[in-house]
Amino acid sequence: MNTFARSFGALLVFALAAAVADAQRLPVTAVPDRYDLTFTPDLKNATFTGSETIGVRLAQPGRSIVLNAAEITFTSARVTQEDRAQEATVTLDGGKEQATLTVPTPLAAGPATIRIEYSGILNDKLRGFYLSRTRLRNYATTQLESTDARRAFPSFDEPALKAVFDISVVADKGDTAISNGRIVSDTPGPGEGKHTLKFSATKKMSTYLVALAVGDFQCNEGEEGGIPIRVCGTPDKKPLGVLALRYAKEILKYYNDYYGIKYPFEKLDILGLPDFEAGAMENTGAIFYRETLLFVDEKNSAVDSREAVYDVLAHEMAHQWFGDLVTMKWWDNIWLNEGFATWMSGKPLQALHPEWNGALGAVGATNGALVSDALLNTHPIRMKAETPDEINELFDTISYEKSAAVLRMIEAYVTPEVFRRGVNAYLRKFEYSNATAEDFWNTIAAASMRPVNQIMPTFVNQPGEPLVGIKSRCVEPPAAPAPKARKGRKPRRVIKAEPRTEITVSQQRFLVTPGPVGPGKTAAADPLWLIPVCIKPEDGKSFCQIFSRREETVRVAGCSSWVYANSNAVGYYRTKYDDAGLRSLSQAVMERLTPAERISLVNDQVALTKAGQQSIGTMLDLVVSLNHDTEFAVVDSYATALDQIGDYLIAGERRAAYQAWIRSNFRPMLAKVGWEPGPGDTDDIRQLRAMLVSLLGKVGEDPEVIGHALELARRYLKDPNALDAGLAGDVLSLAARNGDAALFEQYVSAMGSVSSPEQFYAVGGALSRFRDPKLVERVLESSVSETVRNQDAASLIASELRNRENQPVAWAWVKAHWPEVEKKITMSSGSTIVNATNRFCEADVRDDVQQFFTAHHVPSADRTLKQSVERMNTCIRFRESQQGNLAAWLKEHSGASAAAAR
Ligand SMILES: [Zn+2]
């Protein structure tokens, strides 16, 4: 699944369908082989009936079979064994989401057939079999990961209980349906105005991958390597699916080559739906999507939007192998699905679209994981999870991005070609079956003959991340005294020893919160990792070595005035240099480090500053030394930190000094790239331009930039195609921040007339930037009204909470309207709201948040709440410890910026 829900404010939404129930694993009473399923949805009344036959093997003799079911009404149940049919009584356990079928006469061990007739509702909570709507009509569709297959059909709903699925649907005349198999027959009836579509039987797969969608979908069709590919959606979206189809073909070809196993299913449908909770879902052969991540206007769309479409497609398609063909045995190893799909999606993107600088994006993604993993309230990649709540909470940045970062590190360590061989061996060994973490790393260790099976457990089973400390010094050995010449012999020639560099490498757990672990604490609290550290000395001769002890020293030839300890920036660790080392490194940063290495260095400096391990001035000095680097990803690496400084550290007269410095530092860059996109602009320049508009306009409050943005926003509202789509989001946000109620009305009316999802969310995402408290409340009120889709409600509320300037109004509103919010949001997206409170930075608000969400429990958000509280604490400490340093640094740098500020 891809949980990157691109909607209002392009938030990362990491939550999924949740359940209040305390469900448990099934007792092993029966193992399913085959499901025959017929669904009859009633779109008008939002209900459905189901007819199901499950072929099972009974593990032992007995009278009962236990399977999963939730929010389903059983009409009848019958168990047949050797031609003898028995009616079963059904006992439901709502808490466990289980149904027990009991027959009067004991069944023997061996094959049996279960037949169930049932009914259910097409819910509006975007899980199970649910209702999706447009202005014109209703649709029915499924979303079954993690534990919601049981809401669509009674099932043995665990990933290891793979079976074959034979699916049929009774649809209205004129409608079609999309499922895992291709349509093998289409016959009239049963009943007036109906037809029955039967799909080909699936390969063996897990229940959570079953898919069915019913409606008047239209498709763009293509083919790659003999596999038919379609990109489908509601009829109005068809013109916007052309680009995704082209990408899908390209990606399939790449994967067929890479994996050495051809795409394992008979066709690939990719369907965008008007209502969808996650970003997208990798159902076998039938990937379902949120519209905005699939449908883009080829002629005028932002680089970010096209790249997101590509990235999510590559992610979901990678799952067809990682997840669908080979599935984790249990949810504790969900990283085997998500980490792999995340890692893999970067490969076609980097190979086939170098213009997007995917390798630099990966460094940013690694940083995102390191930021989360530096919390005390992080969790190990592999994490025990039994209940649906616990399972759903695992779909987070650790499972996705940390896992992917660790895989990138291991891939670089064993070399990409060897890693690929290992990956292929793993897939072959476990195809149509299930695997664990050990299965993976043992296979890679065997393929590479390297201790991957010792390295990986330290990163997968332990929480947190290492901080690699680097101290280096040049050692010039004194010339040895000439040995005394023995009688009768010539004196030996004195060999002058060569100078060398001694590098002391240490490791400890890095925490953004000074806590119970750290230097000098017990080993249990401060674990050790086996870290492949790649060191680049001044002579550029990089080398990699596994470090496993608390402190080790290596020596390299020559006198190196600096060493950089994350060569190619593929390591999953933070680095910290001693003062002298960092000073010399900063001088070499532009000439000798690659952009990826610069980004990684900046990220580490930001992290150390937030953790109070370094002064903010040191970090800002590094930013200054990079101010001629116009690579988008490099500017992006520190832009968020500059924004946060503006939001949290600056008050009173210091604000003017800070803004003046921002303007003096970034105006020359904007002057260089210009406002108007040129025909020769690279994608990188387009992204940089948008970022500079935001940096100068919001953080620097540059009047010229603000004025220009207001003008462009008005132009956009008249005709969205009159402005480069890449600039739209930032221009609209900046204009909104400086806009009044009249402009707000123009935004609202534009949302009703724009033609693509991208335009809709560009305008909608900017609504939360208006600062007038009345407008803030209007946005929040709309979030719980009919005008906002359930899939978007939580992210809209969250974007107001994340906006520093609107926090007091937004938080008061959320508390006062919680019952409406709870009713409107899908069960899982509540954690998005809890997560957004991590942007608060006051002790009393922190306590209030904690009390409020303790009293109003949000499913799948227990860890999120703890993390939010920890981040608020971090912010409070950051402000207290660095405000003074910042003032001093600004004073020192005010001369240069004062002139430019005017
Ligand atoms: Zn995924």
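The values are calculated or read from the model by the stated rules, or taken from the named source; none is laboratory data. Quick caveat: nothing in here was measured; it's all calculated off a predicted structure. A quick note on method: Cβ atoms are made from the backbone with ideal geometry, for glycine too, and the neighbour counts reach across all protein chains shown. SASA here: full protein model, heavy atoms, side chains in, ligands and nucleic acids out. Shrake-Rupley method; radii C 1.70, N 1.55, O 1.52, S 1.80 Å.
For the residues Ala108, Ala140, Ala99, the requirement of being in contact with a Pro (Cβ under 8 Å, 6 or more places away or on another chain), closer than 24 Å to Ala278 by Cβ and in contact (Cβ under 8 Å) with a residue 40 or more places away in the chain singles out Ala140. Counted as qualifying within segment 372-430 are the helices (runs of 4 or more DSSP H) with 1 or more residues that are modelled with pLDDT of 95 or more and either more than 16 Å from the ligand (Cβ to nearest atom) or open to solvent by 10 Å² or more (accessible area, probe 1.4 Å) (or both), namely 403-414, 416-430.
Yes or no, residue by residue, for (1) over 23 Å from the mean Cα position of the chain (by Cα); (2) over 30 Å from Thr147 (Cα atoms); (3) assigned to a helix (DSSP H, G or I):
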residue: Ala736; (1), (2), (3): yes, yes, yes
residue: Phe760; (1), (2), (3): no, yes, yes
residue: Gly764; (1), (2), (3): no, yes, yes
residue: Val779; (1), (2), (3): yes, yes, yes
residue: Glu786; (1), (2), (3): yes, no, no
residue: Ser799; (1), (2), (3): no, no, yes
residue: Val821; (1), (2), (3): yes, no, yes
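Filtered by the rule that a residue be at pLDDT below 95 and either in a loop (DSSP other than H, G, I, E, B) or more than 23 Å from Ala497 (Cβ to Cβ) (or both), segment 545-561 gives Gly558, Cys559, Ser560, Ser561. Got at least one residue in segment 665-672 being open to solvent by 30 Å² or more (accessible area, probe 1.4 Å), farther than 22 Å from Ile876 by Cβ, out of contact with any strand residue (DSSP E or B) (no Cβ under 8 Å at 6 or more places or on another chain) and not basic (Lys, Arg)? The answer is yes; a qualifying residue exists. Evaluation of Thr113 against the conditions (1) out of contact with any Gly (no Cβ under 6 Å at 6 or more places or on another chain); (2) in a strand (DSSP E or B); (3) of a type outside the set (Phe, Trp, Tyr); (4) open to solvent by 10 Å² or more (accessible area, probe 1.4 Å) shows that the sole unmet condition is (1). Condition first: in a helix (DSSP H, G or I) and buried (at least 24 other Cβ atoms within 10 Å of the Cβ). Now tell me which residues in segment 569-584 satisfy that. Answer for segment 569-584, where residues must be in a helix (DSSP H, G or I) and buried (at least 24 other Cβ atoms within 10 Å of the Cβ): just Ala569. Scanning segment 189-226 for residues that are more than 24 Å from Ser132 (Cα to Cα) and of a type in the set (A, V, I, L, M, F, W, C) gives Ala201, Met205.
Here Gly191 fulfils each of the conditions (1) farther than 24 Å from Glu71 by Cα; (2) crowded, with 24+ Cβ neighbours inside 10 Å apart from (2). Can you tell me which residues in segment 272-292 are more than 16 Å from the ligand (Cβ to nearest atom) and out of contact with any Lys or Arg (no Cβ under 7 Å at 6 or more places or on another chain)? Across segment 272-292, the qualifying residue is only Leu273. Criterion applied to Glu701, Glu676, Glu711 was being of a type outside the set (Ser, Thr, Tyr), open to solvent by 40 Å² or more (accessible area, probe 1.4 Å) and in contact with a helix residue (DSSP H, G or I) (Cβ under 6 Å, 6 or more places away or on another chain), and the one residue passing it is Glu701. Taken together, the residues in segment 743-767 that are touching a Leu at 6+ places or on another chain (Cβ under 7 Å) and not hydrophobic (A, V, I, L, M, F, W, C) amount to 3. Among the residues of segment 823-842, those identified as farther than 17 Å from Glu777 by Cα and of a type in the set (D, E, K, R) are Lys823, Arg839, Glu842.
Considering the conditions (1) open to solvent by 40 Å² or more (accessible area, probe 1.4 Å); (2) assigned to a strand (DSSP E or B); (3) within 30 Å of Arg290 (Cα to Cα), Tyr130 is excluded by exactly one of them, (1).
The strands (runs of 3 or more DSSP E) found wholly in segment 17-88 include none carrying at least 3 residues that are in contact with a Cys (Cβ under 7 Å, 6 or more places away or on another chain) and over 28 Å from Thr141 (Cα atoms).
In segment 303-341, of all residues being away from the ligand (no atom under 15 Å from the Cβ) and within 20 Å of Ser146 (Cα to Cα), the one that is most open to solvent (accessible area, probe 1.4 Å) corresponds to Lys329.
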